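Undergrad: Here it is, the structure in full.
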Amino acid sequence: MTRPITIALAGNPNAGKTSLFNHLTGARAHVGNYPGVTVETKQGTVHYHQHQIQVVDLPGTYSLTAYSMEELVARNYILNERPDLVVDVVDAANLERNLYLALQFMEIGVPVVIALNMMDVAEARGLKIDVERLSELLGVAVVPTVARDRRGLDQLLDTVVRQAKQCPAWTPKHIRYGPDLDIKINEISSLLAEGDFQRDQIPIRWLAVKILEGDQEIIKMLDREPTRAKKIKNLVVEVTRHLRATLDDEPEGVIADHRYGYITSLTKQTVAVDRNNRQSVSDKIDLLVLNRLIGPFLLLAVLYAVYQFTFLISEWPVAWFEFFFAWLGDLARMIIPDGPVQSLIASGIIDGVGGVLGFVPLIAVMFFAIAILEDSGYMARIAFMMDRIMRTFGLHGNSVLALMIGGGISGGCAVPGVMAARTLRDPKERLATILVTPFMNCGAKLPIFVVLIAAFFAGSRAGMMFLLTILAWGLAFISARILRWTILKGEHTPFVMELPPYRMPTFKGLLIHAWERIWQYIKKAGTVILAISIIIWAMMTYPGLPADLARVFDFQKNQIEKELFFSPAAAVLPDRSSLDAFNRYLADQDTAPTPPSHEPFHILARAIMNARDGQAATSDLTSPYQEAARAYLRYRSLQAELDAASRQAQLRHSFAGRIGLALEGLTRPLGFDWRTNIALVGGFAAKEVIIATLGTAYSLSDTDDQTTDDSLSKKLASEPGWNARVAFILMLFVIMYSPCFVTLVTIAREAGWKWALFSMTYTTSLAYVVCLIVSVASRSLGF
């Protein structure tokens with residue numbers, strides 16, 4: 001096999017780059033972060049005709065001017081890593097806009113192959129592109145593709161291999177920017193060439209153009225040589241003053257105009273338009289979807305349909321998962337002897353992590369539905385329609401993208417949502433977006449809602465999820481408005497957004513997009529949630545009962561046993577050894593009926609079964625045995641009550657119980673007891689821990705040995721103190737209160753620890769105040 005070929009996959013958002021990457025690499029891709037930043041990177045490997053091709057998926061960008069972290073990352077990768085080729089994925093239906101990025105790659109000098117994607121969409125719009133002529137004029141290979149159908153991918157790989165074998169040199173393309181700028185570009189280039197700037201292997205002319213564009217990252221390089229930097233800055237000031245006086249424009253605007261002029265010349269020579277097919281199918285659909293009156297109602301209908309679809313499809317798989325983890329917990333309790341190890345595995349790990357993993361089918365269906373909205377192009381329309389509302393509440397139109405990624409339709413994640421706010425240029429709009437994104441119903445909150453809805457709102461599951469989504473958006477908007485009126489006052493910046501054409505999603509693409517998110521959820525449950533569940537189990541188990549209280553329970557246990565030994569059952573069960581033997585006999589009878597090995601035990605067991613079932617006495621069961629059975633059942637009932645009281649006392653005296661009890665005075669007006677408090681404290685680490693902690697708490701304090709296989713929803717529904725009002729207030733509190741620890745770290749990276757601590761304090765305080773108002777109002781109204 002020849003040496004590996006490294007290609008960078010680049011392109012505008014919505015040009016089909018992700019589809020191309022997925023079809024090329026498939027399951028051989030892995031996700032990470034670029035060095036030093038939190039922008040996601042995808043890398044994969046393609047084996048093609050004895051060639052190994054490493055594919056690096058750059059963030060989607062419109063240009064290489066460092067306005068956003070994505071643009072800076074893409075540019076720095078090209079300049080620093082110097083891949084063999086850049087494959088620029090260009091939307092053939094929007095050629096002029098997409099070629100702007102390709103032209104910038106050529107100005108850097110990196111060898112480029114253009115994947116002219118979405119040729120089917122271009123043809124549907126009546127566009128006929130002369131691919132050979134376009135390649136000739138640009139001086140680079142141009143390959144027509146339809147990535148979603150895998151059309152043209154073999155030809156693209158052939159071209160990549162052929163070009164890479166030639167080891168092409170980096171040859172910067174020179175674009176003319178008019179006499180005024182060209183003169184200054186040459187003068188600045190000369191000054192740069194004389195200095196210490198050539199060592200970076202960056203084209204000097206490209207550096208000069210970037211300096212004239214006001215690129216701050218490049219301008220910082222001038223600090224190496226202050227004397228030349230001063231001369232260069234004087235030249236920039238001079239030409240800027242001249243352009244303002246003669247053209248009423250800035251150098252950046254003139255450079256962009258000349259680039260687009262160059263591109264327009266290209267398209268006029270290579271693109272023919274069928275005048276009879278001007279309005280595309282997407283345009284016709286948008287007449288309805290983006291209608292001011294119909295569009296919003298259609299949006300609400302789509303969201304409601306997503307939740308109906310999710311609950312309908314996932315109902316049985318979720319039940320199967322719940323049954324499996326309940327069976328696994330019972331198996332652990334049966335195999336492992338009583339003690340800390342059994343408690344750790346059964347209550348801490350299986351009930352804790354199982355409570356989170358049990359919702360994988362529902363999360364999977366939700367992610368699949370969201371992938372349909374994204375891949376079809378409808379998600380961009382949602383953002384477009386929301387722009388007017390966003391501006392009303394002091395947010396930028398692009399803020400909706402961060403909110404959607406953060407869980408606007410349930411199932412996202414606040415971490416990438418916060419990171420997506422980087423695209424906002426205004427610092428106050430960006431900060432406001434970062435602070436309200438955690439209000440969205442991320443995938444971690446979804447299992448909490450599902451458990452509580454199943455327990456108290458089973459008749460209207462989709463409707464309740466829809467209501468929670470509307471509440472999350474409403475609370476985010478109101479909070480943003482408050483922030484923008486107070487500590488984040490400022491002007492609004494304009495909103496411009498691309499609307500990609502509608503496409504029929506491919507099943508493979510949907511599976512890949514859904515699986516990427518599901519796998520992140522599973523990994524989190526198997527790592528972070530597992531670790532936190534074990535820690536919380538330990539906090540809920542130790543230090544155990546105080547010695548004096550333990551002696552009280554032991555004394556009561558002995559009294560219950562003595563009462564049995566002095567009852568009519570004493571004839572069969574005179575002491576503890578016979579009681580233990582009879583309990584083992586009953587257990588054997590429950591699991592595998594066998595011929596009676598002890599006649600009195602057998603008769604007493606039959607009497608107990610009859611008494612449990614409420615059957616009349618049979619002729620072969622004498623009255624003493626029936627009285628003994630009633631005495632034994634009373635003993636078991638008293639013992640179960642004592643065990644429950646002991647578990648409750650042990651949980652209360654644990655480290656976690658003491659924290660929950662200490663907070664109970666604060667949360668009691670909301671209807672939350674100390675066990676709920678423990679779960680909410682755990683939710684500061686990760687929201688999924690709330691379900692894991694409730695599962696552990698109610699497992700450790702279960703009041704009936706026979707209910708260990710019940711789902712958490714059933715346990716909460718039967719628990720005193722829980723009702724629909726408390727469940728709704730808890731869901732409302734979970735929507736608003738502090739972001740999880742990982743999100744807080746992300747906020748700190750994006751805006752500083754001051755704002756991360758503000759976010760934690762502000763959201764938790766707001767959650768408490770709002771829920772207290774709702775609690776008081778609902779009580780006064782009799783709910």
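Undergrad: Within the range 445-485, find all residues whose amide N lies under 20 Å from a label point positioned 7 Å from the Cα of Val302 along Cα-to-beta-carbon.
TA: Residues 462-463, 465-474 fall inside that zone.
Undergrad: Separate question: Taking amide H atoms as placed 1.01 Å from N in the peptide plane, list the residues 5 or more away in sequence, or in a different chain, whose amide H sits under 5 Å from that of Phe393.
TA: none
Undergrad: Sort Val353, Val776 so the one with the fewest other Cβ atoms within 10 Å of its own Cβ comes first. Don't skip to the end; give the middle numbers.
TA: Details: Val353 23, Val776 12.
The most exposed by this proxy come first: Val776, Val353.
Undergrad: Moving on to the next point. Let me check against my output: what whole-number percent is the relative contact order of the chain, with C-alpha pairs under 8 Å and at least 6 apart? Working shown, then result.
TA: Values: 1100 pairs, mean separation 81.8, N = 783.
Over the chain, the number comes to 10 percent.
Undergrad: 7 Å from Cα along Cα→Cβ at both Thr527 and Trp327: what's the point-to-point distance in nm?
TA: 3.0
Undergrad: Here's something else I'd like to know. Using only C-alpha positions, report the orientation-averaged shadow area of the convex hull of the range 198-357, nm², one decimal. If you can, show how the numbers build up before the last one.
TA: Working: hull surface 94.5 nm².
Computing the convex hull of the Cα atoms and averaging its projections yields 23.6 nm².
Undergrad: May I ask you to compute the full-extension gain from Asp223 to Glu627, defined as 0.36 nm times their residue separation minus their alpha-carbon distance, rounded to one decimal in nm? Spell out each step's value before the answer.
TA: Numbers: separation 404, 0.36 × 404 = 145.44 nm, distance 9.71 nm.
Between Asp223 and Glu627, full extension yields an extra 135.7 nm.
Undergrad: If you project the alpha carbons of the range 5-165 onto the principal axes, what extent comes out on each, in Å, largest first?
TA: 45, 38, 27
Undergrad: Determine the sum of side-chain charges near Pro438: Lys and Arg each +1, Asp and Glu each -1, restricted to other residues whose C-beta is under 13 angstrom from that of Pro438.
TA: Values: positive: Lys445, Lys687; negative: Glu750.
Around Pro438, the surrounding residues sum to +1.
Undergrad: Where both partners of a DSSP beta bridge lie in the chain, what percent of those bridges are antiparallel, to the nearest 5? Spell out each step's value before the answer.
TA: On the way: 15 of 35 bridges.
Counting DSSP beta bridges with both partners in the chain, the antiparallel share is about 45 percent.
Undergrad: Considering only the range 5-165, what is the antiparallel percent among its DSSP beta bridges, to the nearest 5?
TA: On the way: 12 of 32 bridges.
Once the DSSP bridges in the range 5-165 are tallied, antiparallel ones form about 40 percent.
Undergrad: Next up: I'd like the projected area of the range 179-277, averaged over all directions, using the convex hull of its alpha carbons. Report it in nm² with one decimal. All intermediate terms of the calculation are to be shown ahead of the outcome.
TA: On the way: hull surface 34.5 nm².
Across all orientations, the range 179-277 yields a mean hull projection of 8.6 nm².
Undergrad: Also, I was wondering about something else. What's the FRET efficiency of Ser376 with Trp316 using the Cβ-Cβ distance as r and R₀ = 25 Å, to the nearest 0.05?
TA: That gives a FRET efficiency of 0.40.
Undergrad: Follow-up question, since we're still on this one. Check the straight Cα-Cα distances from Lys428 and name the lysines below 24 Å, setting aside those fewer than 8 residues away within the same chain.
TA: Candidates past the 8-residue exclusion: Lys489, Lys754.
Undergrad: Positive end of the dipole of the range 5-165, charges at C-beta (+1 Lys, Arg; -1 Asp, Glu), about the Cα centre: which of Val55, Thr145, Val86 has its Cα farthest in that direction?
TA: Val55
Undergrad: If exposed means no more than 16 neighbouring beta carbons inside 10 Å and the site is in a DSSP loop, what's the longest run of the chain without any exposed GluC sites (Glu not before Pro)? Present the calculation step by step, with values, prior to reporting the outcome.
TA: Values: sites that count: Glu491, Glu498.
Free of exposed loop sites, the longest segment is 1-490.
Undergrad: Tell me the angle of helix 724-736 to the major Cα principal axis of the chain, expressed in degrees between 0 and 90 and rounded to the nearest ten.
TA: The helix 724-736 is inclined about 30 degrees to the chain.
Undergrad: Ok, one more. For Ala272 paired with Gln201, estimate the spin-label separation in nm (one decimal), with each label point 7 Å from Cα along the Cα-to-Cβ line.
TA: 4.5
Undergrad: Among Ile211, Ser738, Asn441, whose Cα sits farthest toward the positive end of the charge dipole of the chain (+1 at Cβ of Lys/Arg, -1 at Cβ of Asp/Glu, about the Cα centre)?
TA: Of the listed residues, the answer is Ile211.
Undergrad: So if the hydrodynamic radius of the chain is defined as the Kirkwood radius over C-alpha pairs, what does Stokes-Einstein give as its diffusion coefficient at 4 °C and 1.567 mPa s, in µm² per second?
TA: Working: Rh = 30.7 Å.
D, rounded to a whole number, is 42 µm²/s.
Undergrad: Taking amide H positions as placed 1.01 Å from N in the peptide plane, with prolines and chain starts having none, which residues 5 or more places from Ala141, or on another chain, fall under 5 Å of its amide H?
TA: Ile114
Undergrad: So how many Lys-Lys pairs in the range 205-328 land under 24 Å Cα to Cα, not counting same-chain pairs under 8 apart? Provide the component values of the computation, followed by the final result.
TA: On the way: Lys210/Lys220; Lys210/Lys230; Lys210/Lys231; Lys210/Lys233; Lys220/Lys230; Lys220/Lys231; Lys220/Lys233.
Going through the range 205-328 pair by pair, I get 7.
Undergrad: Follow-up question, since we're still on this one. Nearest 0.05, what FRET efficiency do Phe741 and Phe566 give at R0 = 60 Å with Cβ-Cβ as r? Don't skip to the end; give the middle numbers.
TA: On the way: r = 57 Å, r/R0 = 0.95.
Computed FRET efficiency for Phe741 and Phe566 comes out at 0.60.
Undergrad: Checking the cross-link filter: which lysines have an alpha carbon closer than 25 Å to that of Lys714, excluding same-chain neighbours under 8 positions apart?
TA: Lys445, Lys687
Undergrad: Could you check the spin-label model distance between Gln52 and Asp426? Points 7 Å from the Cα along Cα→Cβ, value in nm.
TA: The answer from the label model is 5.0 nm.
Undergrad: How much net charge surrounds Val776 when only other residues with a Cβ under 14 Å from its Cβ are counted (Lys, Arg +1; Asp, Glu -1)?
TA: Once all neighbours under 14 Å are counted, the net charge is +3.
Undergrad: With everything on Cα atoms, drop me the angle between helix 427-436 and the longest principal axis of the chain, reported from 0 to 90° to the nearest 10.
TA: Once rounded, one gets 20 degrees.
Undergrad: To continue, here is another question. Helix 741-751 against the longest principal axis of the chain: what's the angle in degrees, Cα atoms only, rounded to the nearest 10?
TA: The two axes meet at around 20 degrees.
Undergrad: Within 10 Å, at most 12 other Cβ atoms, and a DSSP state outside H, G, I, E, B define an exposed site. Report the longest part of the chain free of exposed trypsin sites (Lys or Arg not before Pro). The partial results should precede the final answer.
TA: On the way: sites that count: Arg176, Arg278, Arg292, Arg425, Lys489.
So the longest stretch without any such site is 490-783.
None of the figures in this text is laboratory data; all of them are computed from the coordinates on show. Since the model is a prediction, treat every value here as computed from it, not as a measurement. Counting neighbours? That spans all protein chains shown, and the Cβs are built from the backbone with ideal geometry, glycine included.
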